[in-house]
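Colleague: Have a look at the structure that comes next, please.
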Amino acid sequence: MVSNQHGLKDQAAGKFKEVKGKITGDRQEEAAGKTQKVLGKAKDKVQDLKDSLTGNDKEGTQ
């Protein structure tokens with residue numbers, strides 16, 4: 001599932017920032033992490049949509 005990994009870097013970095021913000025009490029860093037996680041998830045959804053529109057969707061093939 002290559003399409004699931006397009007936003008993986010952003011999701012991982014976002015999770016790190018979010019946890020770091022929680023530990024240090026930095027609400028701005030925590031919010032930045034949550035935002036970056038959402039961006040990563042959005043990238044995945046956009047790529048899934050592109051794949052389904054171009055017929056590159058591998059999930060439905062056997």
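Colleague: Based on C-alpha coordinates, I'd like the Rg and Dmax of segment 2-54, in Å.
Modeller: For segment 2-54, the Cα radius of gyration and maximum Cα-Cα distance read 13.0, 45 Å.
Colleague: At 0.36 nm per residue, minus the direct Cα-Cα distance, what do Val38 and Ala13 gain on full extension? Give it in nm, one decimal, please. Working shown, then result.
Modeller: Details: separation 25, 0.36 × 25 = 9.00 nm, distance 1.11 nm.
Contour length minus Cα-Cα distance gives 7.9 nm.
Colleague: What dipole magnitude, in Debye to the nearest 20, does segment 2-54 give about its Cα centre under +1 on Lys/Arg Cβ and -1 on Asp/Glu Cβ?
Modeller: Working: 12 positive and 8 negative charges, 18 e Å.
I would put it at about 80 debye.
Colleague: Below 16 Å Cα-Cα, how many Lys pairs turn up in segment 1-52? Only count pairs eight or more apart in sequence, or on different chains, if you could.
Modeller: Within segment 1-52, the lysine pair count is 20.
Rule-based calculations on the coordinates, nothing more; no lab input. Since the structure is predicted, the reported quantities are computational estimates derived from the model, not experimental observations. Positions of Cβ are backbone-derived with ideal geometry, glycine not excepted, and every protein chain shown enters the neighbour counts.
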